[in-house]
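A short worksheet on the structure shown next.
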Amino acid sequence: MSEYKKNSINLPGAVGLGTGVMISAGIFALLGQVAAMSGIWFPIIFIVGCIVTGFSAYSYTKMSEKYPSAGGIGMYLVKAYGKGTIAASAAMLMALSMVINQSLVARTFGTYTLQLFDVDTTTSIFVPLLGVGLLIFAFIVNISGNSFIQTFTSSASLVKIIGLLIFAIAGLWVADFALEPADIGNNPPNPDAINYVAAVALTILAFKGFTTITNSGSEITKPKKNVGRAIVISILISLAVYVVLAWAVSANLSINEIIKAQDYALAEAARPAFGDLGVWFTVIIAIIATITGIIASVFAVSRMLAMLTNMELIPHKHFGMPGSIQKHTLVYTIVIAMVLTIFFDLSRIASMGAILYLVMDMMIHWGVFKHLRKDVGANPFIVMSAFIIDGIVLLAFVWVKWLNDPLIVLVSIGTTLLVFISLYFFLKKKQLAERKMNN
């Protein structure tokens, strides 16, 4: 596996990494779930999610301009909180949310691929099996080096974006470009205000792929300029794709049909407009999108974990494996993602990822506001606004999930507590050992 190499990722490559993650899980796995929570107004929720993400991205951009690092978010947290439990735990939550995203993308790959066959994806063992196969492929690609990764993800990202736009424009053309909400169908959902706010959490998850760029900061050419540019460009490209696709889906399916097929809503939307040919086209684009998403996400999270390990903020075991720490963290990333892919469905994977990410995101904003706003030249109003908005969205999402699926809320809370407690004792033990050596 390649070591960190400065100037090994150019601006298009960085944008490719960001859009590679966002446009994979974001639209294919989450569109139906957003519709289930927000009803006919789900395309608007993606716009709201982009605005919220814009506030959040401000803190990351200011940090990356001041401290470009291959450790990305891990390094930012250390700058804000020092080498302690808070920084280590928040960074681990981010890493876990990224690994959860990988399992989300992997199961999406399996779900869409099986649309080519007469298979019930809700019970089929082939969904997790195909997902695991994709993760193995991502591992092989990631040991091939940065130049191949950025070339592959950038080229494939361009192909899938063009393909999705063709699908969206064709779907809107069939519907005479009717700019109106989806047909409500029979017994439609009747979301209240808190459901609309909670739905924003899933759209934030759809946009959070921009953090992939920050985790490769020191490897990007002219990072003080290009990291921020890559973040803005990738978010805007993703927003354009999301909104047009959501509009196309709402024009061809009723809201009940979207919810029923929420794990494969795009493929289902292609059926009434274009028949089986449209389904094949959509599935092929989904396969390309999920492949690039997995590769880009694994690329980023393995480097982030390696940085945290080198900073001695998290424990590390070789388990007899040869090679560098980066290679070991790549293996850990893939293995954890495989376990999640096998045992969790798309809805629960997305929910857990959203909760862990929002907790970490709030810690980033608080750290910048409290400790670094002058150092990085951040506007305190924007940073604090991002913190408050995240908190509102998180509380709404947890409340809605508690009413409908309390288990995933308990698992998310338990995971968060486990991370903080285990790293607290790890760092305390490390400090005691260092004191004994010094004495």
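Quick notes on this one:
- Principal axis analysis of the Cα atoms in the stretch 227-375 yields extents of 55, 45, 27 Å, listed in decreasing size.
- Projected area, mean over directions - the stretch 373-431, Cα convex hull, nm²: 6.0 nm²
- Kirkwood-Stokes translational diffusion coefficient of the stretch 186-287, alpha-carbon pairs, 10 °C, 1.306 mPa s, µm²/s: 98 µm²/s
- Inter-label distance for Tyr424 and Asn310, nm, one decimal - labels placed 7 Å from Cα along Cα-to-Cβ: 3.0 nm
- Square roots of 5 times each gyration tensor eigenvalue, C-alpha, the stretch 315-439, largest first, Å: 29, 26, 15
- Over all pairs of different C-alpha atoms, the stretch 327-395 has a mean inverse distance whose reciprocal, the Kirkwood radius, equals 14.2 Å.
- Taking Cβ atoms as reference points and 15 Å as the exclusive limit, the residues near Ser351 contribute a net charge of +1, counting Lys and Arg as +1 and Asp and Glu as -1.
- Each of Val105, Val368 was scored by other Cβ atoms within 10 Å of its Cβ. Listed from fewest to most, they are Val368, Val105.
- Per-residue 3J(HN,Hα) values for the stretch 278-294, derived from phi via the Karplus relation 6.51 cos²θ - 1.76 cosθ + 1.60 with θ = phi - 60°, read x, 4, 4, 4, 5, 5, 4, 5, 4, 4, 4, 5, 5, 4, 5, x, 4 Hz in sequence order (x marks Gly and Pro).
- In the stretch 31-130, the trypsin sites (Lys or Arg not before Pro) that fall in loop regions by DSSP, at most 16 other Cβ within 10 Å: Lys83
- Sum of -39500 (n - 2.57) over DSSP H runs of 4+, divided by residues of the chain (222 nm, nearest 500): -26500 deg cm²/dmol
- Taking every alpha-carbon pair within the chain, the share separated by more than 40 Å comes to 13 percent.
- Percent of Cα pairs exceeding the 16 Å cut-off, where the set is the stretch 230-295: 54 percent
None of the figures in this text is laboratory data; all of them are computed from the coordinates on show. Just so we're clear, the structure is a prediction, and the values are computed from it rather than from any experiment. Please note: Cβ atoms are built from the backbone with ideal geometry, for glycine as well, and neighbour counts cover all protein chains shown.
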